[in-house]
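Below is one structure, written out as structure tokens, with a few remarks after it.
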Amino acid sequence: MRALSVLLSFLGATTLVACGDNHDHGVDPDASADVDVDARPPADAGIDAASTGQVTLAFDHLVDGAAITLGNDTPYLDAVGNQFGVAVVRYFIADLSLTYADGSTWDAPGAHYVDHELSETRTYALPPDAPVGDLATVRFVMGLPPALDVTGAFSSPPESLMEWPEMMGGGYHYMKFEGRYIDDAGAPFNFKMHSGALGGTDYSFEVVLDADGLAVTPEGTTLRIEMNLEQWFTAPDDWDLDDYFNATHPGIMNDAAAQASLQRNGATVFTVGQP
Ligand SMILES: [Cu+2]
């Protein structure tokens, strides 16, 4: 329901499917071969351990396919040639949903917070009762949908530290992606790419990832969710960081056009694979 409303609020504009890059782990056709179908309780009788499994998401943060190193250096290049580096990566995802090859879906409602520097946040163990089967897509909301983006919803750190100013509409940052880039004058400039709902406008969006070749198994499945950070700056909108982070425009929290642009670029930021 929530995912639907997010989709509707996004006017169906772009829910691009991003291809994972690690589909070599094939599905074991015998994974549930020893289950006696006749012995299964009816679907509504409770959790059948052989027909469900636990999916764990493991979050990685990459630039150009390589794991990032946080710091004040500017080792990376974006699409328009800005040198940049990464110091902070913090964000929410919400309302995860698995879509199976047979068309069925399984939902894990609620929000999960990720901070690159807090290893415990980079693992998200979903409820253990996901149906076993071949996956088609992994879906989630990047940021917080309106129902979850409510001031006071998170009462303790680290989530509570993501608060978004009341004067800008309250709720929470979807993301804090901070670092440093080299500006047109050749000087280092610290950027804070902060996204969130601005003045009551929801800029969260649904991410749909191609999970072809991945499956939920009774033994448990880990899916690697990769945020490819350079993609925030491109596809479809190329960001010259000089235009967004400079002395007269130090940030983007009050910039509706920038928030809308991140919503567009974000459709291709994530990929999924299996470790
Ligand atoms: Cu901010």
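The values are calculated or read from the model by the stated rules, or taken from the named source; none is laboratory data. These numbers were taken from a predicted model, which means no experiment stands behind them. Ideal geometry is used to build each Cβ from the backbone, glycine not excepted, and the neighbour counts take in all protein chains shown. Ligands, DNA and RNA are stripped out before the accessible areas are found, and what is left, the full protein with its side chains, is counted by its heavy atoms. Shrake-Rupley method; radii C 1.70, N 1.55, O 1.52, S 1.80 Å.
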All-but-one check, GLY213 against (1) away from the ligand (no atom under 16 Å from the Cβ); (2) surrounded by 19 or more Cβ atoms within 10 Å (Cβ to Cβ), failing number (2)
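Take the residues of region 237-250 that are open to solvent by 30 Å² or more (accessible area, probe 1.4 Å) and within 16 Å of the ligand (Cβ to nearest atom): which is farthest from ALA66 (Cα to Cα)? So that I can check it myself, show each step before the final result.
Within region 237-250, the subset open to solvent by 30 Å² or more (accessible area, probe 1.4 Å) is 237-238, 240, 243-244, 246-250.
Filter once more, so that each one left must be within 16 Å of the ligand (Cβ to nearest atom): 244, 249-250.
On the way: TYR244: 25, HIS249: 31, PRO250: 29 Å.
Ranking the candidates gives HIS249 first.
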Criterion (open to solvent by less than 10 Å² (accessible area, probe 1.4 Å) and either in contact with a His (Cβ under 8 Å, 6 or more places away or on another chain) or on the phi > 0 side of the Ramachandran plot (or both)) met by exactly one of GLY266, GLY171, GLY186: GLY171
Identify all residues within region 219-238 that are of a type in the set (A, V, I, L, M) and assigned to a strand (DSSP E or B); write none if there are none. LEU223, ILE225, MET227
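Given the criterion touching a residue at least 24 places away in the same chain (Cβ under 8 Å) and closer than 30 Å to ALA50 by Cα, identify the matching residue among LEU144, LEU241, LEU223.
Numbers: LEU144 fails: closer than 30 Å to ALA50 by Cα; LEU241 fails: closer than 30 Å to ALA50 by Cα.
LEU223 is the lone residue from the list that is touching a residue at least 24 places away in the same chain (Cβ under 8 Å) and closer than 30 Å to ALA50 by Cα.
Picking from GLU178, GLU159, which residue would you name as being within 16 Å of the ligand (Cβ to nearest atom) and in contact with a His (Cβ under 9 Å, 6 or more places away or on another chain)?
Values: GLU159 fails: in contact with a His (Cβ under 9 Å, 6 or more places away or on another chain).
Just a single option satisfies the conditions, and that option is GLU178.
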Any hit, region 123-139, residues being surrounded by 14 or more Cβ atoms within 10 Å (Cβ to Cβ), in contact with a His (Cβ under 8 Å, 6 or more places away or on another chain) and at pLDDT 95 or above: yes
Does GLU166 satisfy being open to solvent by 40 Å² or more (accessible area, probe 1.4 Å), of a type outside the set (A, V, I, L, M, F, W, C) and within 14 Å of the ligand (Cβ to nearest atom)? yes
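Given the criterion in a strand (DSSP E or B), more than 16 Å from the ligand (Cβ to nearest atom) and under 25 Å from GLN83 (Cβ atoms), identify the matching residue among PHE140, PHE189.
PHE189
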Out of (1) small (Gly, Ala, Ser); (2) over 24 Å from GLU230 (Cα atoms); (3) open to solvent by less than 30 Å² (accessible area, probe 1.4 Å), what's the single condition that is false for SER104? (3)
Would you pick out the residues in region 192-204 that are within 12 Å of the ligand (Cβ to nearest atom) and out of contact with any strand residue (DSSP E or B) (no Cβ under 9 Å at 6 or more places or on another chain)? LEU198
Close pairs (6 angstrom Cβ cut-off, 6 or more residues apart or separate chains): free of Cβ contacts under 8 Å to residues at least 12 places away in the same chain and more than 17 Å from ASP134 (Cβ to Cβ) in region 186-215, outside any loop (DSSP other than H, G, I, E, B) and within 16 Å of the ligand (Cβ to nearest atom) anywhere: none
